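All remarks here apply to the structure that follows.
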Amino acid sequence: MIFIDKNRLSKSLVGISLSLSLLTAGGVLWSPQAAHAAIETSSSIDALDATSTAISATRADSIVRTAKSYVGKVRYRFGVRDIQHLKLDCSAFTQLVFKKNGITIPWGSSAQAKVGTPVKYKSQLRKGDLVLFSVSKPGRINHVGIYLGNGKFISNTTSSGVVISDLNKGYWKDRFIKGRRL
């Protein structure tokens with residue numbers, strides 16, 4: 001996916017088109033259509049940007065719905081990916097949820113910690129991001145979940161299976177390491 005700073009691009013395109021309209025080519029001014037085309041292109045980019053944002057939000061909502069559909073249905077088993085019997089570890093759970101939404105990610109929390117774009121701070125997380133934690137050796141990623149928004153995430157836990165938890169309270173408060181945006 002290509003990300004474009006639409007404001008900077010719009011200003012550049014308008015500036016270029018105005019400059020071109022003032023230049024002469026063999027004594028003839030460039031047509032004003034060049035400026036109009038640049039403005040249309042800018043509007044098209046704005047529309048494309050809005051569409052891709054809507055698609056991303058829709059996909060994130062789908063990921064969240066899929067993850068929530070497994071609450072109470074999955075049993076945690078360390079190192080297991082038994083999809084048929086819904087016996088999964090935390091990374092097999094996130095892998096399954098993303099796969100159901102057309103996104104392939106590797107198995108293993110440390111492998112999932114390397115996909116996508118890093119999100120360093122909790123405040124920068126967006127719905128559908130992977131959230132990675134240290135639950136044993138400090139600083140070592142060994143648990144993963146999916147961010148739901150409003151400080152909440154969903155993960156498959158050893159104690160309760162798939163549950164929704166708060167990033168900023170209780171057990172998880174000081175265990176967050178980073179997020180990853182796919």
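The values are calculated or read from the model by the stated rules, or taken from the named source; none is laboratory data. All figures in this text were calculated on a predicted structure; none of them were measured in a lab. Quick reminder, even Gly has a Cβ in these numbers, built from the backbone with ideal geometry, and neighbours come from all protein chains shown. Please note that ligands, DNA and RNA were not included when accessible areas were found on the heavy atoms of the full protein model with its side chains. Shrake-Rupley method; radii C 1.70, N 1.55, O 1.52, S 1.80 Å.
What the table below lists for this structure:
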{"quantity": "1.4 Å probe accessible area per residue over the range 70-115, in Å²", "calculated": "55"}
{"quantity": "Length-normalised contact order of the range 50-182 in % [C-alpha pairs under 8 Å, at least 6 apart]", "calculated": "27"}
{"quantity": "Restricting the range 89-180 to chymotrypsin sites (Phe, Trp or Tyr not before Pro) in coil, as DSSP defines it, with at most 11 other Cβ within 10 Å", "calculated": "Tyr121"}
{"quantity": "Percent RCO, i.e. relative contact order, over the range 51-111, from Cα pairs under 8 Å lying at least 6 residues apart", "calculated": "25"}
{"quantity": "Where labels lie 7 Å past Cα in the beta-carbon direction, separation of Ala57 and Ser69 in nm", "calculated": "2.2"}
{"quantity": "Pairs beyond 23 Å (Cα-Cα), from Lys127/Lys173; Lys114/Lys169; Lys152/Lys173", "calculated": "Lys114/Lys169"}
{"quantity": "Relative pair counts by distance (%), Cα atoms of the range 56-182, 10 Å bins", "calculated": "14, 52, 32, 2"}
{"quantity": "Neighbour net charge for Lys99 - beta-carbon separation under 14 angstrom, K R +1, D E -1", "calculated": "+3"}
